Amino acid sequence: MLRRLIVIGGALGAFALVLAAWFMTASTRLNPAAAQEAVERSGKLLAAHNATAAREAALAAVRADPGNAQAHLTLAKAMLALDDGVGAEAELQRAIDAGYKPRQVAHLRAHALLLQGQEEKALAEASKAAPEDRAYALRIRARALALSGKLAAAFAAMEEAARITPRDADVWVDMGRLELTAGDVLGAIQASEQAVKLDGGNLDALMLRGEMVRSQFGLVAALPWFEAALKRDPNDHDALIEYAATLGDAGRTLDSLAATRRALAVRPGSAQALYLQAVIAARAGNGDLARGLIEHAGGGLAQVPAALLLGGALDIEAADYEQAMEKLKPLVANQPMNIAARKLLAVALLRTDSARNAIDLLRPVIVRGDADSYSLTLAARGFERIGDRAAAAKLLDRAAWPEQGNANAFSADDSIAVLAADAAQRPGDPAALVPLIRALIGQSDKAGALAKAQDIAAHNPGVPAAHLLVGDTLMLMNRPADAATAYRRAADLRFDEPVMLRLIESLDRADQRADAAKVLALFLSQNPVNVAALRLSGRWQLAAGDTETAIDTFELLRARIGDGDAALNADLAMAYAGADEVEAAADFGEAAYALAPSNPVAADAYGWALYRGGDAHAAVELLQKAVVLAPHHAGLRWHLAQVYADLGRNPEARAQAQAALADPWFGERAAATAMAAQS
């Protein structure tokens, strides 16, 4: 009996505790007035484009009154603004259960379905939207159609949405995104300008404008736009990612790292944030940390080309070649013109004894006149592996040449007849015309290629690639001034590294060095740690005799890419030699020569550094080797001429000076002429 009483008493006590807890929870949770206040607060935060805070307020409303239909609807809207399609769909269903009619939320449900990758269901749901929500539904319809590849229908839907609500900034943001999908950068720029004009606080508009400014003007100019977006919502994940990426590319590493940590706090395990941290770690030389971060990101980076490229490079560094190939093969298949990916995959293939596959992979690169020395050397090693030493020797000779040739396009895989037929079936489609132009160039039909390229540019004035095609063709026709005009049109739309390099080369070859220098200075002002721009700037500074500034530029570049670049070490040797810092010059010259003993520039730099340090006898052998390797390079012959003269070997000095003067582009003609005239 006592045991029974104890059991019954315990059960009654537990029930009383549960009952009391229920009453306490219910009294806290069921607070309609607090719920309504939270709903109103959430709505104001959404109107102010702070979706993160709006979501928290709406969650508080739902907790205070789970039966409040407006609370669920407001929470769904906040989730949609944060791209949470699954959560939004669930809240929309709760709103319907609490009293909303399905048609009242059809446009929002379509949005939620689209975010989940269900384009067909999104289209069907958007068609059910009420008349007052038609513009919103048309935006969702346009997005779904664009994802399905139906761009014409997508544009028709967006144009109708713009007609219905011409002053809706969200409509113009979606229009800009659609223009980008179609490759019309000018259209996207104009849409982004219109969006921020209509609503300067619209976070999505600020984000789009920041992306377009970054493309059109540069990294530094874009930062204020992302900062303005983060003032609206300091915890917006996408804004934090764009801000962090832009900071990192601009060289502001610590600020970039801080932004990625904020993004991870908002969205733990964010693949984008972990990738950016991996990039920072890789740039700092910590390959193990970078690889670990990419592995931690998991499948979230499986379709991100830049992440696949970095992951492949890190796998190669760790001698995990099979894993590197798993990442790089699909990347090359999807981006056949990605030369960096081709080179990395070729390295992995060579190190797994697949030399023939590596050669085939590099063939489109090495047939280019401007093939880089690393690609040529890789291909040469492949030919050595299969026993073709003659082909390997030719490639190594090209790799050792101190200057690259002129650029030319990848060769086409199909015949001109096949490509022309494809282009005829898709008139005005750049995706069909570009391969045809490449094929025409490959068959030396430059006039035909130019006509096709100009036709593409005329029909696609807002597409940078169309103007680049015109410029590239004009450069092949030795018309650099005309090419510069085409490249300027591309630069007005997208001022990135490829456009910058093309524009500078064309201006330089057209004897417009001052204009070329302005282009380079402008690019560096916006992209202060860009490797290609720093290298070019340093060499121009060195050529102008501004050795101290050149040293600063080259040292900044060395901090960016490390000590393993033979060309950079050679540049540093020449800069330090020019500044009479002969010990540093000799060290960098020796490092360059150790990395690339068959490269004439490395031999010349080491020899010149030794000469400036007072050891002309040691220098002359290196300089002679440089001239043997590159007998037509005037600069190398002029260095050797000066050392011969200093050693009293005047006939040989005169001969080298005369050989240098044979190059019409040789700069130090007065001094060389005086030396050649000596008896």
Picking from 190, 216, the residue that is open to solvent by 50 Å² or more (accessible area, probe 1.4 Å) and either closer than 24 Å to residue 500 by Cα or of a type in the set (S, T, N, Q) (or both) would be 190
I'd like the residue in region 603-642 that is crowded, with 24+ Cβ neighbours inside 10 Å and over 41 Å from the mean Cα position of the chain (by Cα) and, out of all such residues, is nearest to residue 678 (Cα to Cα). 641
Examine region 299-317 for a residue that is part of a helix (DSSP H, G or I), closer than 28 Å to residue 558 by Cα and in contact with an Asp or Glu (Cβ under 6 Å, 6 or more places away or on another chain), and state whether such a residue exists. no
Of all the residues that make up region 91-104, how many are more than 17 Å from residue 39 (Cα to Cα) and either at pLDDT below 95 or surrounded by fewer than 16 Cβ atoms within 10 Å (Cβ to Cβ) (or both)? 4
Kindly list the number of the only condition in (1) surrounded by 15 or more Cβ atoms within 10 Å (Cβ to Cβ); (2) modelled with pLDDT under 90; (3) under 17 Å from the mean Cα position of the chain (by Cα) that fails for residue 334. (1)
Output yes when any residue across region 589-612 is among the polar types (S, T, N, Q) and more than 27 Å from residue 519 (Cβ to Cβ), and no when none is. yes
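To keep it simple, each residue is scored yes or no on (1) without any contact (Cβ under 8 Å) to a residue 60 or more places away in the chain; (2) on the phi < 0 side of the Ramachandran plot.
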| position | (1), (2) |
| --- | --- |
| 548 | yes, yes |
| 562 | no, no |
| 576 | yes, yes |
| 581 | yes, yes |
| 591 | yes, yes |
| 598 | no, yes |
| 613 | yes, yes |
Residue check: is residue 268 part of a helix (DSSP H, G or I) and open to solvent by 60 Å² or more (accessible area, probe 1.4 Å)? no
Would a scan of region 534-548 turn up a residue that is farther than 23 Å from residue 579 by Cβ and either basic (Lys, Arg) or within 19 Å of the chain's Cα centre (by Cα) (or both)? no
With the requirement that a residue be open to solvent by 60 Å² or more (accessible area, probe 1.4 Å) and within 22 Å of residue 49 (Cα to Cα), what does region 63-90 give you? 70, 77, 83, 86
With among the aliphatic types (A, V, I, L, M), open to solvent by 30 Å² or more (accessible area, probe 1.4 Å) and more than 24 Å from residue 372 (Cβ to Cβ) as the only criterion, which of 282, 302 stands out? 302
Just to be sure I understand, how many residues within region 90-117 are in a loop (DSSP other than H, G, I, E, B), out of contact with any Leu (no Cβ under 7 Å at 6 or more places or on another chain) and either farther than 15 Å from residue 71 by Cα or not hydrophobic (A, V, I, L, M, F, W, C) (or both)? 4
Some residue of region 175-182 being in a helix (DSSP H, G or I), open to solvent by 50 Å² or more (accessible area, probe 1.4 Å) and out of contact with any helix residue (DSSP H, G or I) (no Cβ under 6 Å at 6 or more places or on another chain): yes
Members of region 105-152 found to be crowded, with 23+ Cβ neighbours inside 10 Å, among the charged types (D, E, K, R) and under 17 Å from residue 171 (Cα atoms), listed by number: 139, 141, 143
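The values are calculated or read from the model by the stated rules, or taken from the named source; none is laboratory data. Keep in mind that what you see is a predicted model, and the values were worked out from it rather than measured. Every residue, glycine among them, receives a Cβ derived from its backbone with ideal geometry; neighbour counts consider all protein chains shown. All accessible areas refer to the heavy atoms of the entire protein, side chains included, with ligands and DNA or RNA removed. Shrake-Rupley method; radii C 1.70, N 1.55, O 1.52, S 1.80 Å.
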